[in-house]
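Participant: Got a structure here, written out as structure tokens. Questions coming.
Nothing in this text is a laboratory measurement; each read-out follows from the coordinates by a stated rule. No experiment lies behind these values; they were computed from the predicted model shown. No Cβ is skipped: glycine too gets one built from the backbone with ideal geometry, and neighbour counts run over all protein chains shown.
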């Protein structure tokens, strides 16, 4: 069974500001990831422990995976250089 993808308000705004080609690439990637997110993501550590990062070219999608609810909750989307600075 595939995971449901949910977006935080902030991540949704970040996603909407991206170029259309990048949005399509991220959307297609997330459809693939939804089948088995642990196989694609990289667990983060330090103050971002509990979050998972997915790499889509130069962009990163940072999410919390809720296995018991089958939800991938996306909290931030952006270029690798700045993405991790925006996460609480």
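Participant: For the range 4-86, what does the relative contact order come out to in percent, with C-alpha contacts under 8 Å and a separation of six or more?
Facilitator: 32 percent
Participant: Using the basic label-point model (7 angstrom from Cα toward the beta carbon), what is the residue 10 to residue 80 distance in nanometres?
Facilitator: 2.2 nm
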